[in-house]
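None of the figures in this text is laboratory data; all of them are computed from the coordinates on show. Computed from a predicted model, the values in this text were never measured in an experiment. All Cβ positions, glycine included, derive from the backbone under ideal geometry; neighbour counts span all protein chains shown.
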Amino acid sequence: MNQDARRQPYPVDLGAILANAARAVSAKSDAIFAELVRQIAEALAVEYAFIGQLAPEGKDTIHAIAAHFSGRPAPLFSYSLAGTPCRDVINQHYRYYPRDAQRIFDDSHLKELAVEGYAAIPLYSSHGEVIGLMAVMHTQPLQQAALVEQLLRIFSVRAASELERLAADRAAQEKGELYRAIFHGTRDALAFWSLDGRLVDVNPAFCQLGCHKQTGDREAILAADPATLFPVSCADTLQALLASVAQGRPFSAEQDLESAAGVTTLEIRGEPVNYQGTPHALMILRDITEDRRHEAALRQSEDRLRATVEAALDCIISMDAQGNIIEFNPAAERCFGYRRQAIVGKPLAEHLIPADKRQRHLQGMKRYLDDGDPYFLRKRFEVTGLRADGSEFPAELTIDVTEGEQGQIFITYLRDITEAKQSEIERQRLQAQLIQAQKMEAIGHLSGGIAHDFNNILTGVMGYLVMATEKAEALGDARMLTYLERASRAGQRARDLIQQMLTFSRGQRGEPQQLRLEPLIKESMRLLEPMLPASIEIHTELARNIAPVWADPVQIEQVIMNLCINARDAIGQGSGRIAIRLQQRSHRDSVCSACQKGIRGPFVELSVSDSGCGIDPAQLNRIFEPFFSTKETGKGSGMGLSTTHGIVHEYGGHIMVASVPGEGASFRLLFPINDDAAACADEPNPVQSVVHAQPMAGRVLLVDDDTTVREFMRDRLETWGLDVTSFANGAEAQQQIQSPHQPYALIILDQTMPRLTGLALAQWLRERDYPAPIILYSGYSDEINASELSRLKIDVFIKKPIDDELLYTQVKRLLTQHESS
């Protein structure tokens, strides 16, 4: 703004002023505000004049709609009322400050314009509300206060009326725009009908409806006869709509329209309305084809849900907030024993929950309804259910809650876990069985390894004892012979103990045959009688015609001996009783005390019971472990029951143990019945002992990784006059055989060696057509297959510990055959 353009008030010509005012207030509407501010500025000879409208978004801002500054129109502006003299004007007061306006109001705008005099009047609506103001300002003091106020009041009336008219026009325009926006923007097809059946207006959705013949052309639709727009099938519906609306009643109907694209379902509604002061009908058309499809799908979904609930294996029970049953599916009927019709509407707690647990249920429901505590929602609980017959059963429960039309609904999902509980017990039993089997297997492997090592040691010890005996005989030292004989007996007992360990570990198997236990038991008892004190009473109860079993008689005799000796030791020095029974019986749900497996089927049962001290329950799960003994130190090897375990289970049997401390113990051995078992091959003829070894000649190749056995075998063979070359592994032997040398007359191999076993070395020799006979020995006889021995043309197999006389006989025989071939 040009603040230097100062205008001095000129002499007032009231007639001219009023004439100008009259011209201003009668100016055209589109220029009224600009003319008003120009005329009043010139009439009062002031620098500034403007008309401001109160901002519709708040009462603290003025938007200038016309301004006249320094003799010409000024740009429009907005400002805040805070701190300005206009604040009081808006509060419905005429204000007149002839001078010092800058000083009275610390307003930056007044200072910027160098305003000295200020006058303004509020603009009122026809309802008496302030809608703006009209103001004049001057850089000099204002004069003729009465004239200023009079002119402002005259001009303000015209300005206010024009503002209100503009506001009304805008409102009408906005209303019309809103109507057009709604009418044209709605997705429903809309059409105005005059009651005589003519179309007055349609919206775009109607034009695109596709059920009439003028799709998309609004003008053609409005010009057409409505009867030609719709299919003939709609004629009755349209007439009914117009008739209903003419009586002032809404109309509603559904109409199916067939086309090449399929069937379309329309919802047709009619509403009576006034349009341009005349009653009309507003027709609303909506394509509800998809809605009907969705409703059909929803019904199908509900049907499927109902079918799912009906077919569910779990119980689904719904209950209202009062605790009454409102849903009870067939699974619940089967589980609880109630018919749905009989239980719905009854209190759930009184019918499905045991009496001693109802209070807790009711308290939980009350806490949820009072406090909304959801601690039990969507969690799994194990509970006890009550059937209609009064029996209780374990169940797994989950509860959820939802809102229904009548309030909260509690949905219970319940599963009878009786079978699951039983399965868990069975699982635990099977797990114990697995653990026991793994433990026994591990102990068996350990026992087998120990037995194998002891076999090697005993081979050397007992072999050197034989050699020492020969020396003593040659020297005629009778005392030394006595000592050596006692040492030999001790070695034989050690050998027997090792055989028991191998039997337990299944590293050494018996020679089974079809066997009847009754005569074997009688024979065993005759052998046992000298070993049992007279204070112990022997009672036998042997059933007749017992089916045969498949077993080695020597091993079964060993089992009987072990059990009876254990019974004797349990009775001690006092009197007691040992009972031996043999019977045939079936087992159904028994469990083996040794392997923890289930027992089912017919068995031959051999039991040995005593009236001794019994077995501590804490030790029952260990009695079959090798070297574990309940006897005092030094009074038992701890191998008797482990050997029994190995023998019985080798033939598919089981052991059941019952004991009460202080009252005795009972061992029941169960052997599978084997009526069709084939008889074993005939026993081999026993080897005849050689009293005096005659010297032999020939080169022998010996291969054994164990130093003790290898040194003994070399020494023993050399005492018989043989030239022995020994090696600790098969690879060294292969190199020796491949180098030029005098061929060997006999080859002796140990089976169990690292990297290259005896069988593998024998195969290597036979593949090269090596002619010498081969002797193979091992502590694990069950590792050696007879067909494999035959295929590799192994002449003799000997079990450890090696029998001296058997070895001599076989070596002599093979060397003799080799010389003659």
Given axes a ≥ b ≥ c from the Cα gyration tensor, I'd like to know whether the range 14-172 is rounded (a/c under 1.5), prolate (a/b larger than b/c) or oblate. oblate
Residues with amide H under 5 Å from that of L542, placed H, sequence gap 5 or more: L582
Among the aspartates and glutamates, which have Cα under 17 Å from the Cα of K379 when same-chain residues fewer than 8 positions away are ignored? D314, E396, D400, D416
Sequence-distant residues sharing a close amide H with A66 (under 5 Å, placed H): I51
Dipole moment magnitude, nearest 20 debye, the range 509-672 about Cα centre, only Lys, Arg, Asp, Glu C-beta charged: 320
Report, for the range 509-672, the % of DSSP beta bridges that are antiparallel, rounded to 5. 80
Can you tell me the length gained on complete extension of the stretch Y483 to K379, counting 0.36 nm per residue apart and subtracting the Cα distance? 29.5 nm
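Could you order the peptides 285-296, 544-555 from most to least packed, using the average number of other C-beta atoms within 10 Å per residue? Kindly include the intermediate steps, with their values, before the conclusion.
On the way: 285-296: 14.1, 544-555: 17.4.
The peptides rank, most packed first, as 544-555, 285-296.
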Placing +1 on the Cβ of each Lys and Arg and -1 on the Cβ of each Asp and Glu in the range 312-416, which of Y368, L414, F393 has its Cα farthest towards the positive end of the resulting dipole? F393
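Among the listed pairs K421/K597; K59/K175; K59/K111; K522/K800, which are separated by more than 22 Å between their Cα atoms? Mind dumping the intermediate values first?
Values: K421/K597 19 Å; K59/K175 24 Å; K59/K111 24 Å; K522/K800 32 Å.
Beyond 22 Å: K59/K175; K59/K111; K522/K800.
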Of the residues L606, I560, S575, the Cα lying farthest along the dipole of the range 534-629 towards its positive end, which is defined by charges on the beta carbon of Lys, Arg, Asp and Glu, belongs to L606
In terms of modelled amide H atoms, which long-range or inter-chain residues lie less than 5 Å from the amide H of E327? S318
State to the nearest 20 debye the size of the charge dipole of the range 186-292 about its Cα centre, where the only charges are +1 on K and R beta carbons and -1 on D and E beta carbons. 200
What are the ³J(HN,Hα) values, in whole Hz, obtained from phi via the Karplus relation 6.51 cos²θ - 1.76 cosθ + 1.60 with θ = phi - 60°, for each residue of the range 316-327 in sequence order, with x given for Gly and Pro? 10, 10, 9, 9, 7, 5, 8, x, 9, 6, 10, 8
I need the peptides 73-81, 564-572 ranked by packing, meaning the mean over residues of other C-beta atoms within 10 angstrom, with the highest value on top. 564-572, 73-81
Residue-wise, which Karplus ³J(HN,Hα) couplings in Hz belong to the range 654-668, taking 6.51 cos²θ - 1.76 cosθ + 1.60, θ = phi - 60°, and x for glycine or proline? 9, 10, 10, 10, 10, 8, 10, x, x, 10, x, 9, 9, 10, 10
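So how do 225-234, 300-309 stack up, highest first, on mean other-Cβ count within 10 Å?
Values: 225-234: 13.9, 300-309: 10.8.
Ranking the peptides 225-234, 300-309 by packing returns 225-234, 300-309.
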To the nearest 20 debye, what is the magnitude of the charge dipole of the range 312-416 about its Cα centre, counting +1 on the Cβ of each Lys and Arg and -1 on the Cβ of each Asp and Glu? 200
